[in-house]
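Engineer: Dropping the structure in here first, questions after.
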Amino acid sequence: MASAVTTQKIGSRFSFEAIPHVPGASSATFLTPDGTTFKWRDMRDFEWFGVSATNAVLTGNGLTLLEIWAADDASGTNATLIVSSGTLSGTAVGQGGFVECLASQIREISAANSKNFRYVTAKITVANSSDKLAVALLRGLAKHATQNLTPATF
């Protein structure tokens, strides 16, 4: 019999989000579910960030490049590349890529550019403007455990 008692060991230390990427363009685009709204996430209380992207609906060859970018604010001010996957070649539905970085890498690049990077997102390039991806954003090792960093529903 399943227990009615719930605990949060993972959900209080990590933030997991699943977001569709519907860019509407084959050029590199910040993570967007609708082609216009960009999804920047606050890294103030986390030690690492990762992005997983998987081909979901293809007209072209899908995901060709996956990057992590950082910026000063949630609007993407002073957006700067932190890490890149390099060219990706998985052309089937279900194939994709993963990149990650540490908060210390973000701080290092921020300091080198005399900026104050605190927000991160993925920048994704697809082969065809109609290609759509399933993307997971992972922020980990929260400095302070907090209930519902990963909500039960989203």
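The values are calculated or read from the model by the stated rules, or taken from the named source; none is laboratory data. Please read these numbers as outputs of a predicted model, since none were measured by experiment. Cβ coordinates were reconstructed from backbone atoms using ideal geometry, including for glycine residues, and neighbour counts include every protein chain displayed.
Engineer: I need the full set of residues from segment 103-154 which are more than 21 Å from H21 (Cβ to Cβ), hydrophobic (A, V, I, L, M, F, W, C) and surrounded by 15 or more Cβ atoms within 10 Å (Cβ to Cβ), in order please.
Structural biologist: Listed by number, the residues that qualify are A103, I106, I109, F117, A142, L149.
Engineer: Residues being over 17 Å from the mean Cα position of the chain (by Cα) and either among the aliphatic types (A, V, I, L, M) or closer than 15 Å to K39 by Cα (or both): count how many of those fall in segment 103-138.
Structural biologist: Residues flagged as over 17 Å from the mean Cα position of the chain (by Cα) and either among the aliphatic types (A, V, I, L, M) or closer than 15 Å to K39 by Cα (or both) within segment 103-138 amount to 4.
Engineer: What number goes with the only condition from (1) among the aliphatic types (A, V, I, L, M); (2) out of contact with any Gly (no Cβ under 7 Å at 6 or more places or on another chain); (3) closer than 23 Å to G96 by Cβ that A111 does not pass?
Structural biologist: (3)
Engineer: Among the residues of segment 13-55 satisfying the criterion of being among the small types (G, A, S) and either touching a Gly at 6+ places or on another chain (Cβ under 9 Å) or free of Cβ contacts under 8 Å to residues at least 40 places away in the same chain (or both), which is farthest from A127 (Cα to Cα)?
Structural biologist: Once the filter is applied, the top-ranked residue is S15.
Engineer: Filtering segment 47-79 down to residues that are outside any loop (DSSP other than H, G, I, E, B) and in contact with a helix residue (DSSP H, G or I) (Cβ under 7 Å, 6 or more places away or on another chain), which residue is surrounded by the most Cβ atoms within 10 Å (Cβ to Cβ)?
Structural biologist: Across segment 47-79, the extreme among qualifying residues is A70.
Engineer: Report whether or not A122 is of a type in the set (G, A, S), in contact with a Leu (Cβ under 6 Å, 6 or more places away or on another chain), modelled with pLDDT of 95 or more and part of a strand (DSSP E or B).
Structural biologist: In short, yes.
Engineer: Which pairs turn up if I take residues in segment 56-82 that are within 16 Å of A111 (Cβ to Cβ) and look for partners that are in a loop (DSSP other than H, G, I, E, B) and among the aliphatic types (A, V, I, L, M) with beta carbon separation below 9 Å, at least 6 apart in sequence or on another chain?
Structural biologist: What qualifies is A70/M43; A70/A79; A71/A79; D72/A79.
Engineer: Let me ask something else. Which of the residues belonging to segment 1-21 are under 17 Å from N128 (Cβ atoms) and either surrounded by fewer than 18 Cβ atoms within 10 Å (Cβ to Cβ) or at pLDDT below 90 (or both)?
Structural biologist: P20
Engineer: Given the criteria of a type in the set (V, I, T), in a strand (DSSP E or B) and more than 22 Å from Y119 (Cα to Cα), does T7 qualify?
Structural biologist: When the stated conditions are applied, T7 does not pass them.
Engineer: Scan segment 84-100 and give yes if some residue there is within 16 Å of the chain's Cα centre (by Cα), more than 22 Å from P33 (Cβ to Cβ) and surrounded by 16 or more Cβ atoms within 10 Å (Cβ to Cβ), otherwise no.
Structural biologist: For segment 84-100, residues within 16 Å of the chain's Cα centre (by Cα), more than 22 Å from P33 (Cβ to Cβ) and surrounded by 16 or more Cβ atoms within 10 Å (Cβ to Cβ): absent.
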